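Below is one structure, written out as structure tokens; comments come after it.
The values are calculated or read from the model by the stated rules, or taken from the named source; none is laboratory data. This is a predicted model, so every value here is computed, not measured. Backbone-built Cβ (ideal geometry, glycine too); neighbour counts: all protein chains shown. Ligands, DNA and RNA are stripped out before the accessible areas are found, and what is left, the full protein with its side chains, is counted by its heavy atoms. Shrake-Rupley method; radii C 1.70, N 1.55, O 1.52, S 1.80 Å.
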Amino acid sequence: MTMVLLAGGSVVGDDGRFHASDVLVTDGRVAATGERLRAPDASEVVDCTGRVVMPGFVDAHSHAGSLVFDERVQLALLRQGVTTIVTGQDGVGPAPGDGSYAARYFAAVDGPHPTYRGDGVAGLLATYDGTTPLNVATLVPAGTVRHEVMGDDDGPADASRLGAMRALVRQGMADGAVGLATGLDYVPGLYATTEELVVLATESATAGGCFVSHLRGGYESNLAAGIDEIVRICRAGGGPAHVSHLHAPVELALDELDHAAAAGAPLSFDAYPYSRGCTILSMLLLPAELARPGTDDLARALAVDGGRARVRGAVLDRVLGRADLGTDWAEQVTLSHVPAAEFHGLQGRTLADAAAATGTDPVDLALDVLVDSRLQVTVVMRVPRPRTPTELAALYRHGGHTGGSDGIFVGTHPHPRAYGTFARYLGDFARTGLLSWWEVQEHLSTVPADRFRLGRRGAVAPGWTADLVVVDPERVGARSSYAEPVLLAEGIDDVLVAGVPVLREGRLTGATPGAGLRRERLRHPARSDGP
């Protein structure tokens with residue numbers, strides 16, 4: 001019997017206050033909580049004096065599924081208190097299929113999976129069993145499903161093809177996926193009709209899964225259109241539903257969430273506490289027909305007579321039409337990951353600055369960078385008016401809110417959200433009183449564990465899985481910034497996964513008790529049916 005005692009610390013009460021309590025862990029589960037617990041046979045005693053024991057956090061929108069075997073990524077997550085990640089996001093992931101589509105299209109976002117061998121969701125989840133210190137759950141990625149059946153065909157699916165896609169979703173759910181994910185601004189997800197999505201989402205819902213969506217052109221001031229589509233999918237049998245990386249003016253976001261609930265489709269959503277976004281440059285700049293992964297479509301389009309002028313015009317039409325960028329768009333876009341050797345040194349510079357340094361125009365530079373990098377380029381984007389922490393706190397109090405980093409670990413100059421999202425919630429929102437510690441615990445752990453059916457996770461209570469983090473409430477915070485994006489968070493130095501210490505005094509222990517989490521159904525005892 002393995003026993004660990006977390007002694008001398010506190011736990012968070014539903015009154016938002018800290019209450020003195022030891023936590024005894026036996027064979028991977030919380031055995032008891034209370035003051036002055038005795039455990040003479042404990043294999044390890046962790047002194048938690050001045051610190052708080054919280055349930056491990058769930059990153060509800062992660063792009064670390066292929067990189068979680070990397071110790072650098074493990075440290076970045078565990079030092080924030082993240083013990084479980086939910087992958088397969090934005091409709092792209094290794095499974096089902098042989099992984100080649102995800103490797104081509106999202107190489108600059110997810111990176112290549114080192115051990116997946118093309119044996120479906122079951123095989124993908126098996127790659128995490130006992131091989132990593134963190135848990136990994138996955139969604140069935142609808143874009144990958146469509147590509148497996150239809151390749152690059154941009155037309156609607158006929159009955160036969162739709163049946164084949166349904167079968168892939170059904171099998172993925174049977175293998176343990178926690179839901180279905182779409183990316184409706186990405187190729188080929190943007191080709192899917194609402195009717196196609198209803199059919200696939202219904203397969204997920206029938207198995208007890210959640211429908212997760214990167215909305216179709218529906219963020220910032222256009223949020224209503226994206227929410228309207230997801231409500232239609234929910235009401236047609238595809239729910240419950242969850243909105244990926246919700247970003248919009250806060251009052252508009254809250255109004256649309258209220259409208260969805262009134263329409264019979266209460267939504268959960270994830271968000272990160274940063275004003276800037278991050279995406280692949282091809283999606284931001286190029287029309288869909290030139291943004292297919294692993295092709296030379298862009299190079300060919302530029303090479304024909306008058307081709308560069310036509311592509312430039314299409315690019316300018318796209319960026320100047322985006323309310324979240326504006327006329328100074330090239331100053332708003334910073335190159336994050338550029339694999340092409342000739343342009344590698346431009347990472348961390350805005351397109352405007354990089355173009356000036358290379359004596360060219362931002363559009364021409366972007367096109368050359370994309371061609372030479374075979375479209376595998378990511379960028380960080382500023383917004384014209386960042387929301388303040390006080391404004392964001394109003395959104396984060398919503399009952400459907402969960403923490404999701406949307407963190408990307410590929411490249412030398414990533415968005416700092418990968419290294420700081422959860423620590424920032426604790427330091428900038430809980431410690432300052434913008435959110436209570438109970439609200440933060442609920443939204444970073446309890447709500448996502450329940451929404452994604454992750455079993456007995458999300459509570460520090462007897463019988464629940466001992467995925468636990470020990471937080472110094474006076475010290476916890478993010479250190480990563482846009483200037484220095486890969487600095488590790490501070491204030492979380494001890495973490496247990498399945499009752500096994502995986503982080504001790506801020507360093508990895510080398511233990512790998514993590515697992516590929518298969519969908520379960522077990523509601524938190526303190527929660528009623530919510531979003």
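The phi-based Karplus calculation (6.51 cos²θ - 1.76 cosθ + 1.60; θ = phi - 60°) puts the 3J(HN,Hα) values of the range 217-230 at x, x, 10, 6, 6, 9, 4, 4, 5, x, 5, 4, 5, 5 Hz, whole numbers, x for Gly and Pro. Less than 5 angstrom separates the built amide H of THR402 from those of PHE269, ASP270, ALA271, all sequence-distant by 5 or more or on a different chain.
Placing R0 at 41 angstrom, the Cβ-Cβ distance between ASP154 and THR390 gives a FRET efficiency of 0.40 after rounding to 0.05.
Residues whose amide H falls under 5 Å from that of SER336, counting only those 5 or more places apart or on a different chain, are GLY348, THR378, VAL379, VAL380, with hydrogens built in the peptide plane. I want the antiparallel fraction of DSSP beta bridges within the chain, as a percent rounded to 5. Beta bridges within the chain, antiparallel portion: roughly 55 percent. Spin-label pair ARG322-THR131: with each label point 7 Å from Cα along the Cα-Cβ axis, the two points sit 3.5 nm from one another.
Phi angles across the range 295-301 convert, under the Karplus curve 6.51 cos²θ - 1.76 cosθ + 1.60 with θ = phi - 60°, into 3J(HN,Hα) values of 10, 9, 4, 5, 4, 5, 5 Hz, Gly and Pro given as x. Backbone amide hydrogens, once placed in the peptide plane, bring GLY516 within less than 5 Å of TYR128, ASP129, GLY130, VAL136, excluding anything fewer than 5 places away on its chain. For the pair the range 248-287 / the range 426-493, the C-alpha centres are spaced 22 Å from each other. The value of relative contact order for the chain, using C-alpha pairs under 8 Å at least six residues apart, is 20 percent. Counting charges near PRO448 (Lys, Arg +1; Asp, Glu -1) among other residues having Cβ under 11 Å from its Cβ returns a value of -1. Think of each Lys and Arg Cβ as +1 and each Asp and Glu Cβ as -1; about the Cα centre, that makes the dipole of the chain roughly 640 debye. With the simple model of a label 7 Å out from the Cα in the direction of the Cβ, ASP305 to GLU484 spans 5.6 nm.
The helix-only estimate of mean residue ellipticity at 222 nm for the chain, built from DSSP H runs of length n ≥ 4 each weighted as -39500 (n - 2.57), is -8500 deg cm²/dmol after division by the residue total. Derived scalar couplings between HN and Hα for the range 190-207 equal 5, 7, 6, 7, 4, 5, 4, 5, 4, 4, 5, 5, 5, 4, 5, 5, 4, 8 Hz in order, rounded to whole Hz, by the Karplus curve 6.51 cos²θ - 1.76 cosθ + 1.60 (θ = phi - 60°), x for Gly and Pro. Toward the positive end of the charge dipole of the range 160-204, with +1 on the Cβ of Lys and Arg and -1 on the Cβ of Asp and Glu, the farthest Cα among ALA164, GLY189, SER204 is that of ALA164. What the chain shows is 35 Å² of accessible area per residue, with the surface traced by a 1.4 Å probe over protein heavy atoms. Evaluated with a Cβ-only charge set (Lys, Arg +1; Asp, Glu -1), the range 37-104 carries a dipole of roughly 160 debye about its Cα centre, given to the nearest 20.
Among the listed values (i) 38, 25, 22; (ii) 45, 33, 22; (iii) 41, 36, 23, the one matching semi-axes √(5λ) of the Cα gyration tensor in Å as calculated from this structure is (i). Each peptide in 265-273, 167-175 was scored by the mean count of other Cβ atoms within 10 Å over its residues; highest first, the order is 265-273, 167-175. Packing order of peptides 492-501, 220-229, highest average first: 492-501, 220-229 (average count of other Cβ atoms within 10 Å over each peptide's residues).
Annotation: peptides 384-390, 109-115, 140-146, 441-447, ranked by per-residue average of other Cβ atoms within 10 Å with the highest first, follow the order 140-146, 441-447, 109-115, 384-390. Its Cα centre serving as origin, the range 465-523 has a Cβ charge dipole (Lys and Arg +1, Asp and Glu -1) of approximately 440 debye. Projecting the Cα atoms of ALA299, HIS113, VAL136 onto the dipole axis of the chain, where Lys and Arg carry +1 and Asp and Glu carry -1 at the beta carbon, places VAL136 farthest toward the positive end. Counting only protein heavy atoms, what percent of the accessible surface of the range 294-402 is carbon or sulfur at a 1.4 Å probe? With neighbouring chains kept in place, the figure for the range 294-402 is 52 percent. All other residues whose Cβ lies under 14 angstrom from that of GLY118 are scored, Lys and Arg at +1 and Asp and Glu at -1, for a net of -3.
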